[in-house]
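Quick notes on the structure that follows.
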Amino acid sequence: MYGLATQQVDMNAHVSHLVEQGVVEKTYDSRYHEWQKQWSEMPEQAIVPTVSPIRLSKKCSNDTPTDMYEYSPLDMVADEIRVLVLTPSVDTSASVVCHVGHCPIHCEVTYMALSYSWGQDATPAEIVLNGQIKRIRKSLEDVLRALRRPDKVLSLWVDAISINQEDVIERNRYVGHATHDTEPAIELVKELKMPMMRFNNHGEWHFGDWNGEGWYGENRIGPERLAAILELRFEQLDQAAYHLQDMLRTDPRLAGQMMSADNTLEVVDPRELAYVRKLFYFRHLASKGLHPSWGTGWGAKIGESAPAYLETVIMAREFQSTDPRDKIYALWNLAQDKVGLEFAMDYSVSVRDVYVHFAIAWATQHRELDILAAAEQSEESRDFYRTAPSWCPDWDTPSASSCLVRRERIPAIMMMVVDDLGGKLYAADGAMKRDMLDLPLFHFDGTIVNCTGIILHRIDFFFEEPPDCPKETTFPSCDPDSFWSYQHWSLMIEQYYSGHDLTTYDNPARAATATFHGDVEAAWPPREENLDNSSDRHPLEKYVCMPAMSRHVRPYGGSYNRTDARDVTSVVLDALSHPIEDILTGASCENSTGGFDSAICPTAAACAQSCALEGINYAQHGVQAHGDSIALRQYLEINGTETSVSPRLYLLAPNGKDYTLLRLLNQEISFTVDVSNLPCGTNGALYMSAMDASGGRSRLNPAGATYGTGYCDAQCGAPAWINGVANIDDLGACCSEMDIWEANAVATQLTPHACNVTGLYECSGAACGTDGVCDKSGCGSNPYGLGAHSFYGYHDIVDTSKPFTVVTQFLTDDNTTLGTLNQIRRLYVQNGTVTQNANVQSGDSTVDSITNAYCEASAPSFEARGGLAQMGEALGRGMVLIFSIWNDAGAYMDWLDSGTAGPCNSTEGNPVLIEAEDPGTSVTFSNIKWGDIGSTYGSSARPSYYHS
């Protein structure tokens, strides 16, 4: 019969194809159909597969194997996998003997999962597999030998062995369709808890219990100790790597001392430690910040789609891979943003085509060209670009420099507090989107990418490679070449500017410093202008990083979150300041009353299609930022006429796409303010609103927070646009509002406004009114209005003729961030003195803060909508920080500073009078911080008290 056969059919491939196409359904044991294996320690007695297939005609011997191992096909219908059973041995030098068993993926079999480089290296090792010889990498053989128990079998799933790498169909199946049970672990083992691992001088791995000697309570670790660190708990590996990396970078002498202490060390490079940190970072994102042992986290901000595919590919670009296609394929199961990505795993496709198809698929999915910026021409990639388009990244070559696309470096802090590092770093497209233009922003024609409206500045000059570093020059040992290049090119840029009379930058040396750190010039001010961040340990620094303005230098430590606090200068003007124009004609989409033009915007969808928010010049809208301060002006002279600009700004998150959400339960916020130029009738405000973090970004509003959309407050006004979408139905935009600071030079008020709805609520009719969903009056505290007439004002206790610091504390009933808000307390700091809020009489009680009792007695509308507890719910979810300056043409701001509220008369607040008499009206906010109670203002300040 075989002699008469005319065709050989691979039934395994045929059945696999039918299963993948859904023609043949997989079968499951109903006992395990809904069961998921858990990541936990192995049971004392492993449950192993009962079936170990062997090819016919193969000779099998665990003692003297002669035949090479040959895979038996898996049963696709039963959804089988291969599990490696490691035979025990008391002889540590004995050959590694294993059996490969087949079992359904959903069954009682238990195993540990390891991920290892596929293929073979120059000196492979041999193990015994089902009585036959199997060649694997020497490093994998070392691990199997180390894991082997003396008296019990151990079952493992090791992708380098359990997957037949020569079977393209099988490889495609595993890479593209892993489940929660078999998702290959990026780390060596998902979790090795108590066993300690040690690699001694004889090249032997040992596992055993930690004896605790010489580790805990040690205050100093010398270079000889570091060079001999051979014992690590796996879950401590990241922390150990972080500490060692930080010590090497802090002390440039340490690397040399370690090599002197251990002559087997050829090089000590802190960058080598980045590999293990990235593995733990991926694990950190996949667990959403939960500690593997505790089951809780430390508040790291990790998005639902983290880690994203492009971020993961860039972060893992330095990783080694036997098959270059696995630079993309092996990360498939880790990436969490694949919905809509039209990309398939296929090992029959060339490396060049895999990379090209992935770039096209990602760009099409995200409608962005960010991935093209990862393409780097180098000597190593020369062969790749002989056939590949120049815009396609070659992921098989390391990045020669920061690719400007996504972050590649893990911050030098403990992993448990590392936020999701994903998201844009830079943008050169003016935030253009495809649906903002008549033509597509870009499209692919085969391997040609066609772009619309991208213009590059001309490049006038290239700097040559720096000469060899002089031998007498001393730099940090961790990276002398880069340090020398940085110093040399900075000097060249400075000389080029002075030699060509260029005026692009006032200080080209400062601009060069910022450029080489991937930042804008303002992030690196001169040392004398940035003493807060300078250090006596680095006296030669000319320019010192301003962390709030840096894209890469992330602050850490201290008693408050300096990373977020310093980002106050990354703000965006309110969408009301951005002109909204017809993208075809340039005509305004708004009419003379501030509403939308019905001819251009007959419907919300039509308006979104026709209109776009334009960029603006901040200075032309009354905003000036300098360092960590921001000044807002009420009036500007425009075309010879004094014009009211009244800016309103929001605090953006570091990603530039979302608002920062402040969660201030059992926390405090402080800021320094200068109100000396705010006369009667004006209001320089710092407050919070329960806006959506994205600014209401949607299909109809692609602009989002980046362009300042999504505003709402407790007054429930009916703006022309709600969440960036035309407000066709004239709805109100309601949400909880926390007025931390509403003030001018003579009066101030602190007021929470609660709403009985969550987030932005679009109201209509009575729901927008006085008896609607929000409390419009609030539970306010005004020192003057409560009888303290000499507490706040020019040359009063709080002297408004000079800057001062305002501290607002949000206290809970159990003194935790999970408690219920029950008190809002105010402090002032000026000239080194801490002044408690005015202690005044309210009814039958003496009060100096906003409490439940105070609000019950004075603000029934506030209490009817949940009072402080409801306000605390909004604070716990997170609110957006807002800055504004405004006057009141309707009521002249009398509610703040006139009559019983303040010393102003009833007409001083008329905007016409203010513009004529005080055109320089302005407010300046600076040094904004938030954190634990008592952490944001100087501990050396002297206390002071006021009694009316």
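The values are calculated or read from the model by the stated rules, or taken from the named source; none is laboratory data. Predicted model, so just to flag it, every value in this text is computed and none were measured. No Cβ is skipped: glycine too gets one built from the backbone with ideal geometry, and neighbour counts run over all protein chains shown. For accessibility, only protein heavy atoms count, side chains too; no ligands or nucleic acids. Shrake-Rupley method; radii C 1.70, N 1.55, O 1.52, S 1.80 Å.
Okay, here's what the table says:
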{"item": "Sequence-distant residues sharing a close amide H with Ser842 (under 5 Å, placed H)", "result": "Val847"}
{"item": "P(r), alpha carbons of region 720-791 - 10 Å bins starting at zero, rounded %", "result": "18, 36, 27, 15, 4"}
{"item": "Under Karplus coefficients 6.51, -1.76 and 1.60, residue-wise ³J(HN,Hα) of region 761-778 in Hz, glycine/proline x", "result": "10, 8, 9, 8, x, 4, 5, 8, x, 4, 9, x, 6, 10, 8, 7, 7, x"}
{"item": "Given charges at Cβ of Lys, Arg, Asp, Glu: region 824-948 dipole, positive-most of Ser935, Leu827, Pro911", "result": "Ser935"}
{"item": "Difference of contour (0.36 nm per residue) and Cα-Cα distance, Asp142 to Asp844", "result": "244.8 nm"}
{"item": "Packing-based order for 318-329, 743-754, using average beta carbon neighbours within 10 Å, highest first", "result": "743-754, 318-329"}
{"item": "Solvent-accessible surface (1.4 angstrom probe) belonging to Lys152, in square angstrom, nearest 10", "result": "50 Å²"}
{"item": "Förster-model FRET efficiency, 56 Å R0, Leu491 and Ser698, C-beta, rounded to 0.05", "result": "0.70"}
{"item": "Cut-off under 5 Å, modelled amide H: who pairs with Met691 long-range", "result": "Val880"}
{"item": "HN-Hα J in Hz across region 141-146 - Karplus 6.51, -1.76, 1.60, θ = phi - 60°, x for Gly and Pro", "result": "4, 4, 5, 4, 5, 6"}
{"item": "Cα-projected label distance for Thr817 with Arg663, points at 7 Å along beta-carbon direction, nm", "result": "0.5 nm"}
{"item": "About the Cα centre, charge dipole magnitude for region 315-370 (Lys/Arg +1, Asp/Glu -1 at Cβ), debye", "result": "40 debye"}
{"item": "Simple Cβ-charge dipole of region 801-922, Lys/Arg +1 and Asp/Glu -1, about Cα centre, in debye nearest 20", "result": "420 debye"}
{"item": "Gain in span if fully extended, Ile638 to Thr50, counting 0.36 nm per residue against the direct Cα distance", "result": "203.2 nm"}
{"item": "Average accessible area per residue (Å²) across region 835-912 - probe 1.4 Å, nucleic acids and ligands excluded", "result": "40 Å²"}
{"item": "24 Å Cα-Cα threshold exceeded, pairs from Lys288/Lys424; Lys301/Lys338; Lys542/Lys657; Lys338/Lys424; Lys288/Lys338", "result": "Lys542/Lys657"}
{"item": "Rounded percent of accessible protein surface that carbon and sulfur make up, region 669-732, 1.4 Å probe", "result": "48 percent"}
{"item": "Pairwise FRET efficiency - Ile448 versus Ser598, Cβ, R0 = 35 Å, nearest 0.05", "result": "0.25"}
{"item": "Around Tyr635: net Lys/Arg minus Asp/Glu count, Cβ-Cβ under 14 Å", "result": "-4"}
{"item": "Karplus 3J(HN,Hα) series, Hz, for region 315-330 with 6.51 cos²θ - 1.76 cosθ + 1.60 (x for Gly, Pro)", "result": "4, 9, 4, 7, 5, 8, 8, 5, 9, x, 5, 6, 4, 9, 5, 5"}
{"item": "Accessible area per residue in Å² at 1.4 Å probe, computed on region 730-789", "result": "30 Å²"}
{"item": "FRET efficiency for Ser61 and Thr322, using Cβ-Cβ distance with R0 set to 45 Å, rounded to 0.05", "result": "0.95"}
{"item": "Computed label-point distance, nm, for sites Ala766 and Ala94 using a 7 Å Cα→Cβ extension", "result": "8.5 nm"}
{"item": "Net charge of neighbours whose Cβ lies under 15 Å from the Cβ of Gln132, counting Lys and Arg as +1 and Asp and Glu as -1", "result": "+2"}
{"item": "Relative packing of peptides 85-96, 835-846 - highest average C-beta neighbours within 10 Å first", "result": "835-846, 85-96"}
{"item": "Gain in span if fully extended, Thr907 to Thr833, counting 0.36 nm per residue against the direct Cα distance", "result": "23.1 nm"}
{"item": "Long-range HN-HN contacts of Ser588 with modeled amide H, under 5 Å", "result": "Asp582"}
{"item": "Separation of the Lys424 and Leu341 label points, Cα + 7 Å toward Cβ, nm", "result": "2.0 nm"}
